[in-house]
Amino acid sequence: MMMEISRENVSRNVTPIPSNETCAEAVSSAMQQRYGDLRNAAKRVSRARGWSVKAFKNWLYGTNAPRMQDLIVLMADCPELEQRVGQMVEETRKCLQQSKL
């Protein structure tokens, strides 16, 4: 017999799994902290890393989240982003562990 999971069975203290929007906001926040004071940041960083200026601006302003390979490069260049992504991973891990059956 399979156990049904209802809303009553799920703890209300559990952090939800992050959405795409939450991830894009986290990337944007960390990138603005790192590159926000840099004059012409979008042009300078995107050219140095081989990205389009439009893609970098989309990440910087939270319109889109970067692809995995670009996220890894950003995390290597931006310790604030690496720390924030690590926190999100830990929060999600706790959420998944709490919801195990």
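FYI, it's all coordinate maths here, none of it is from the lab. These numbers come from a predicted model, not from an experiment. FYI the Cβ positions are ideal-geometry reconstructions off the backbone, even for glycines, and counts take in every protein chain you see.
Between Leu96 and Asn40, the modelled labels are 4.3 nm apart [label points 7 Å from Cα along Cα→Cβ]. Applying a DSSP loop filter and a limit of 12 other Cβ atoms within 10 Å to the trypsin sites (Lys or Arg not before Pro) in the stretch 43-101 leaves Arg67, Lys100. Report the one residue of Val45, Leu74, Leu96 whose Cα lies farthest in the direction of the positive end of the charge dipole of the stretch 19-98 (charges on C-beta: Lys and Arg +1, Asp and Glu -1; origin at the Cα centre). Farthest towards the positive pole: Val45.
If R0 is 41 Å, the Cβ-Cβ spacing of Asp77 and Ile17 corresponds to a FRET efficiency of close to 0.95.
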